[in-house]
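**Student:** Below is the structure I would like to discuss, written out as structure tokens.
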Amino acid sequence: MNHLRCYQSGLFILFFIIIFGCQKSNPTPAPTVPIVMTSNVDSITETSAVLSGYIADTGYAPITDHGFEIVDSSKNYKNIISLGAKNVKVSSSAFTTKFTSLKPGTTYWAFPYATNSAGKAISTDTSSKDKVIRFTTKKVLAIGDAYQGGIIAYIFQPGDTGYIAGQTHGLIAATSDQALTQWTNNPTINLCNALGTKFLTGKANTDSIIKYNPSPFITAASIAKSYKSGGFTDWYLPNKNELEKVVQLDQKIAGFKTLGFYCSSSEIDASNTYKYFIWGYDFNSNKSVPDFKTNLFSVRAIRAF
């Protein structure tokens, strides 16, 4: 009986070896080129943009290189490989890179690519809609440009309050006057603590004038502050120095009344001697002059950008 059992066990082991030993293991698929797609574009400036892509399929082989190629839209992106496109490699798994030294106000096509042992693939090789990133760099802003509800009247220079190196900031003027009115119609003339003359202090002046001349009194400051062009709510009455810059705009563009007086938000000083006076701009003499708060002035709102 023991011999029989041993014989049966031996047959079973032999059968197992024959059946399973003859089975072939699945071979590793041959490498194919990767599949790579776009993701998004972000942080666009006049000369730079941050691009992102992703590898949807590695093609059964390690990725040895990946990055982006870019051309401006004056070229046919379908022939990108023969265009000498700018090639930027990225080494991080995030597959994100920042392009610099781009041309302002220019539209670009960007294409992620990836390489393995089977070859190189770019996003245009796929049938996916996510194969091309199209973006336009920001235009370099200039005085006289229509922008954010008005006209760029002044761009901050080194040394100006509000100047930031490498960025464009300045003052925007409304496209027309908001009113012809008194600086205030309050019969009780108050000192309003509106003494700021440096760039960007006109807004604080405006708020202070309104504080000392609350509704129902009407002030040039309240009229300027209520202006909402472009959907922006940060318009204000310019101070002395801001007004002097704004009125230098080309008259054909800005429509200033060249024979009139424009009021600023700046009082002369904090003394009772000058509490009746503010700085206004006189187009007849082309300079800022002291003027009575109760006189009529043209009002032109501004905002900073």
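**Student:** Please state which one of F277, F232 is in contact (Cβ under 8 Å) with a residue 40 or more places away in the chain and surrounded by fewer than 20 Cβ atoms within 10 Å (Cβ to Cβ). Quick ask: steps written out before the conclusion?
**Tutor:** On the way: F277 fails: in contact (Cβ under 8 Å) with a residue 40 or more places away in the chain.
When all the criteria are applied, what remains is F232.
**Student:** From the list T175, T115, T181, which one is assigned to a loop (DSSP other than H, G, I, E, B), of a type in the set (S, T, N, Q) and either within 30 Å of V33 (Cα to Cα) or in contact (Cβ under 8 Å) with a residue 40 or more places away in the chain (or both)?
**Tutor:** It is T175.
**Student:** Kindly check whether there is at least one residue in the range 280-289 that is crowded, with 23+ Cβ neighbours inside 10 Å and modelled with pLDDT of 95 or more.
**Tutor:** yes
**Student:** Assess whether S215 counts as being within 27 Å of Q157 (Cα to Cα) and either touching a Phe, Trp or Tyr at 6+ places or on another chain (Cβ under 7 Å) or in a loop (DSSP other than H, G, I, E, B) (or both).
**Tutor:** Judged against the criteria, S215 is not a match.
**Student:** Restrict the check to the range 227-238 and report whether at least one residue is within 25 Å of S271 (Cβ to Cβ) and either assigned to a loop (DSSP other than H, G, I, E, B) or more than 29 Å from the chain's Cα centre (by Cα) (or both). Step through it out loud before you land on a result.
**Tutor:** Let us first name the residues in the range 227-238 that are within 25 Å of S271 (Cβ to Cβ), namely 236-238.
Subset that is either assigned to a loop (DSSP other than H, G, I, E, B) or more than 29 Å from the chain's Cα centre (by Cα) (or both): 237-238.
Yes: one or more hits.
**Student:** Given the conditions (1) modelled with pLDDT of 90 or more; (2) touching a Leu at 6+ places or on another chain (Cβ under 9 Å), report the number of the one that S39 does not fulfil.
**Tutor:** Just one mismatch for S39, condition (1).
**Student:** Moving on to the next point. Got at least one residue in the range 142-164 being in contact with an Asp or Glu (Cβ under 7 Å, 6 or more places away or on another chain), farther than 30 Å from T273 by Cα and in a loop (DSSP other than H, G, I, E, B)?
**Tutor:** yes
**Student:** Select the strands (runs of 3 or more DSSP E) contained entirely in the range 243-305, then report the ones holding at least 2 residues which are aliphatic (A, V, I, L, M) and within 27 Å of Y147 (Cα to Cα). Reasoning before the result, please.
**Tutor:** On the way: elements: 261-267, 277-282, 287-292, 296-299, 302-304.
Counting at least 2 such residues, we get 302-304.
**Student:** Of the residues K245, K211, K240, which is basic (K, R) and surrounded by fewer than 16 Cβ atoms within 10 Å (Cβ to Cβ)?
**Tutor:** None of the others qualify; the one that does is K211.
**Student:** Further question on the same structure: Testing K252 on (1) of a type outside the set (S, T, Y); (2) under 16 Å from P238 (Cα atoms); (3) at pLDDT below 95, one condition comes back false. Which one is that?
**Tutor:** (2)
**Student:** Conditions: (1) in contact with a strand residue (DSSP E or B) (Cβ under 9 Å, 6 or more places away or on another chain); (2) surrounded by fewer than 19 Cβ atoms within 10 Å (Cβ to Cβ); (3) outside any helix (DSSP H, G or I). A204 meets all but one. Number of the miss?
**Tutor:** Failing condition for A204: (3).
**Student:** Just need a number here: residues in the range 172-187 that are over 38 Å from the mean Cα position of the chain (by Cα) and within 17 Å of D234 (Cα to Cα).
**Tutor:** 0
**Student:** Just to be sure, is A224 touching a residue at least 24 places away in the same chain (Cβ under 8 Å), closer than 15 Å to F292 by Cβ and in contact with a Phe, Trp or Tyr (Cβ under 7 Å, 6 or more places away or on another chain)?
**Tutor:** The answer is no for A224.
**Student:** Could you check the range 184-201 and list, in sequence order, the residues that are part of a loop (DSSP other than H, G, I, E, B) and of a type outside the set (A, V, I, L, M)?
**Tutor:** Answer for the range 184-201, where residues must be part of a loop (DSSP other than H, G, I, E, B) and of a type outside the set (A, V, I, L, M): N185, N186, P187, T188, N190, C192, N193, G196, T197, K198, F199, T201.
**Student:** Hey, among the residues in the range 84-125 that are surrounded by 14 or more Cβ atoms within 10 Å (Cβ to Cβ) and at pLDDT below 55, which one's nearest to F68 (Cα to Cα)?
**Tutor:** Only one residue tops the list, namely V88.
**Student:** Test G59 against the criterion of being crowded, with 18+ Cβ neighbours inside 10 Å, modelled with pLDDT of 85 or more and either not acidic (D, E) or not assigned by TED's automatic domain parsing to the domain that holds Q167 (or both), and give yes or no.
**Tutor:** Spelling it out, G59 is indeed crowded, with 18+ Cβ neighbours inside 10 Å, modelled with pLDDT of 85 or more and either not acidic (D, E) or not assigned by TED's automatic domain parsing to the domain that holds Q167 (or both).
**Student:** Residues to consider are G150, G162; find the one that is at pLDDT 95 or above and in contact with a helix residue (DSSP H, G or I) (Cβ under 8 Å, 6 or more places away or on another chain). I'd like the intermediate steps shown before the answer.
**Tutor:** On the way: G162 fails: in contact with a helix residue (DSSP H, G or I) (Cβ under 8 Å, 6 or more places away or on another chain).
Only one candidate passes the filter, namely G150.
The values are calculated or read from the model by the stated rules, or taken from the named source; none is laboratory data. These numbers come from a predicted model, not from an experiment. Cβ: placed from backbone, ideal geometry, glycine included. Neighbour counts: every protein chain shown.
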